[in-house]
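Here is the structure we will look at.
Just so it is clear, none of the values below were taken in a lab; they were calculated from the coordinates. Values in this document were obtained by computation on a predicted structure and should not be read as measured data. Here the Cβ is made from the backbone with ideal geometry for all residues, glycine too, and neighbour counts use every protein chain on show.
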Amino acid sequence: MRQYWKPLLTAAFGMAVLTACEDVPAPYNIPTENSGSSTSEDYAFLQAFETGLGGCTNESEAGSLAWEYSSSYKCVLITGYKDFDGSGTKTNQSGTTWLVTPEIDLTGIDSAFVNVNQAINYAKTTLADDHKLMISTDYVDSLGVAAATWTDLGMSLDGLGSTFTFVNSRVQLDQSYMGQKVRLALKHVAHDSYSSTWEVKSVGIVKGAVPPPPVLDDLVGSGTADDPYDVASALRVIAAGPPSTDVYTKGIVAAVDASSFDANYGSLVYQISDDGTSANLLQVYRGYGLNGDHFTSADALKVGDRVVIVGQLVYYNNQTMQYTTGSRLYSLNPIEGDTIAAVKDGDQTVTFANFSTDKFLLVNEYTDSTATSTQLRIVSMVVTYADATTETVTMSDLGLSNGADLSTHTLGTLQLTFSKGDGTASSKYMTAGGGVATVNSNNSMLIESAKAMTSIVITAAAPGTKSYNGNTELYGIASK
């Protein structure tokens, strides 16, 4: 059963391509407290960067870059792309730069892991080579990093590289380090033509083993287009550690921040829940419309709208569970209901029967370009109602010019809404054959009535030299 058909009622929006954080507004809320550590964990060592570099030291292996403290974001950061000379123009500088911790005594500890609370953005394919967590047992302050023996701890960079969302990266220490005195170091590489920005809120060593990920059973949905999560499940997935790939979530809009709309960006900040109330909210931060198009106004989304969203789930600063910048609507107010198969009688009659509903979505999903026809050309429709009355509507009564795009039209007591969806061609009115409405591949037509319909019989234009009108992927969705 198909429950979601994404492009039901699309609007004409402009496309946007965002290439850097300077192209979007700054986050609306900058947390004022460090969220990089948890007091519930037993730390053998913890360096939080709330007020500066603490006991850590900068060392440049190559170039003149340095780790710096950001009072705005309560973290330390490094980048090789910034305004170095105060001219207002950003340039690239290469460099290999280390941030080395004080000596850490692991005497009397039999198990421990490293926890780094960090965010990395603008990384390239060299992400793993440019961001390393290193450890040494023979570092000497007066001799520096070049004289020490370092081991790459192989820190996971899952969820890092393309967003300023902070994640906790954890690495279990080998037993050989227990009982020793060690140094940790963060090693960053910037290139002549590009550089990431690496932000770190804290570095620590926690006693014990890395806790296993929580078991995610009984989730509603699987996070795919055909089977999206509900909001409660999406929140559980975020809490367990957001995936690095796009996921789909369905919900009802509970609140829209109208002040977040800016015509230059065409995005909105809004919140969804499973029931449209303020309970268990999932925030969508600067999300876009259908197919990633711009929203055109602050009221493009309304409280009560049913949506399916696709994008990256994040735990922003370990405080806000949300879709990060760049998510998009996969569907807006989708029709949900029973799928009704089309029954074709020869080339010119298509029947949908055995349902009772006041909304019926006709969908054409045929995409085989080798077929003789992927188009349904509607001449007229006979609708039978639950009260046994019938109504016939004829497309020629639309009175449109040849080639006119079809949108929302009233014929008799019916309202017909045509949508292009993912199709390459939109539905059009054609005068040939006495006047027909075309429903092309991946188009849809929503039929709405004031009372329950029980069958719809469509008469199609003669196919001429083509072998049939309509196709095996023509179906309807009946919904109240």
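Listed options for Rg and Dmax of the Cα atoms in Å are (1) 23.9, 76; (2) 21.0, 62; (3) 29.2, 95. The value calculated from this structure is the one marked (3).
Quick one: check the C-alpha center-to-center distance for segment 80-157 versus segment 258-303, whole angstrom. A separation of 38 Å, based on Cα centres. For the chain, the mean residue ellipticity at 222 nm estimated from helices alone is -500 deg cm²/dmol, where every DSSP H run of n ≥ 4 contributes -39500 (n - 2.57) and the total is divided by all residues, rounded to the nearest 500. Report, to the nearest 10°, how far helix 231-240 tilts away from the longest principal axis of the Cα atoms in the chain, using its own Cα long axis and a range of 0 to 90°. Once rounded, one gets 20 degrees. Taking a sphere under 9 Å around the Cβ of Asp130 and counting the other residues whose Cβ falls inside, with K and R at +1 and D and E at -1, yields a net charge of +2. Under the simplified labelling scheme, the Asp257-Thr245 pair shows an inter-label distance of 3.0 nm, with each label point 7 Å from Cα along Cα→Cβ. Each residue in Trp198, Trp98 was given a count of other beta-carbon atoms within 10 angstrom of its own, and listing them fewest first yields Trp98, Trp198.
Roughly what % of DSSP beta bridges within the chain run antiparallel, to the nearest 5? Restricted to the chain, the bridges split so that about 95 percent are antiparallel. Applying 1/(1 + (r/R0)^6) with r as the Cβ-Cβ distance of Asp338 and Ser111 and R0 = 45 angstrom yields a FRET efficiency of 0.20. Using the Cβ-Cβ distance between Thr224 and Thr424 with R0 set to 25 Å, the FRET efficiency from 1/(1 + (r/R0)^6) comes to roughly 0.55.
Approximating the spin labels as points 7 Å out from Cα along Cα→Cβ, the Thr89-to-Thr151 distance works out to 4.8 nm. Which FRET efficiency value, to the nearest 0.05, do you get for Tyr69 and Glu391 by plugging their Cβ-Cβ distance into 1/(1 + (r/R0)^6) with R0 = 51 Å? That gives a FRET efficiency of 0.10. The modelled label-to-label distance for the pair Tyr43/Asn264, using points 7 Å beyond Cα in the direction of Cβ, is 3.9 nm.
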